[in-house]
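Below you'll find the structure, written out as C-alpha cells, and then a few comments.
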Amino acid sequence: MLCGQPGGAPARVLMFGFLSGIKTVFAGSSCNDIVCTEQCVMSGHFDKKIRFWDIRSETIVQEMELLGKITALDLNPERTELLSCSRDDLLKIIDLRVNAVRQTFSASGFKCGSDWTRVVFSPDGSYVAAGSAEGSLYVWSVLSGKVEKVLSKQHGSPVNAVAWAPSGSHVVSVDKGSRAVLWSEY
C-alpha cells in the first residue's frame, strides 16, 4: 500500500505490507492522489507526472508526463483504465494495458478549480464526472467523448469533490464552500 506524507514534508511515499513492515521511498514530487491494483500503485503529482510503482519491487517502473499538475486519479471498474484530471483543464483516460492515453475530455466552460479537484468513473465505467471552477458538475460519455450533462445552479463556489453511488442512481458533489449537492437526475 502507498500513502503520501502530509503537510510540508518532503515528497515521500510510505509502502507497507502485512508481512514486510513499512518502507519509505522518495516520491519525486508532491503526491496529490493515489490508486492501486493488485500489482501496481499509480500516483498523481504536482510535477505533472503519473508514476507507476511495482508493489513487489517498490520501485517506479514508468512515468507519464501530462500537460498540467495532476489533481486526481480514478480506476474504471475493470481496473484496466486510469482516469486523470489535471490543471490544464483536461481529463484523460489511460489504457493500463498499453500505458497510453486513449481518450481526452474537455468542454467549453470546464475549468479545473483547484489542485485537489476530484474526478470519477461511473460505477459501470460509461461516464466520467468532474466539478468545475464556476460551480458546475460536468458528466462526459466515455463512448462518445462528449459532454452528456452540465449540472449547475446549485453550487456557489468551485466543485472540488464528486462521488458516484455504487448503484449509479445518483452523484454527489461538494464545493469549496462545503456545500454538498445530491444529483438524482443527471
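The values are calculated or read from the model by the stated rules, or taken from the named source; none is laboratory data. Predicted model only: the values in this text are computed from it and were never measured. So basically every Cβ, Gly included, is an ideal-geometry build from the backbone, and we count neighbours across all protein chains shown.
Of all residues in segment 13-43, those being at pLDDT 80 or above and part of a loop (DSSP other than H, G, I, E, B) number 5.
Looking at Ser136, Ser122, Ser114, Ser157 in this structure, which one is crowded, with 18+ Cβ neighbours inside 10 Å, among the polar types (S, T, N, Q) and touching a Lys or Arg at 6+ places or on another chain (Cβ under 9 Å)?
Within the list Ser136, Ser122, Ser114, Ser157, the selection yields Ser136.
Restricting the first member to segment 163-183 and to residues that are in the same structural domain as Leu83 (by TED's automatic domain parsing), and the second to residues that are of a type in the set (Asp, Glu) and not in a strand (DSSP E or B), the beta-carbon pairs closer than 9 Å and six or more apart or on different chains are Gly168/Asp124; His170/Glu185. Restricting attention to segment 44-57, does a residue exist that is in contact with a Leu (Cβ under 6 Å, 6 or more places away or on another chain), outside any strand (DSSP E or B) and among the β-branched types (Val, Ile, Thr)? Within segment 44-57, not a single residue is in contact with a Leu (Cβ under 6 Å, 6 or more places away or on another chain), outside any strand (DSSP E or B) and among the β-branched types (Val, Ile, Thr).
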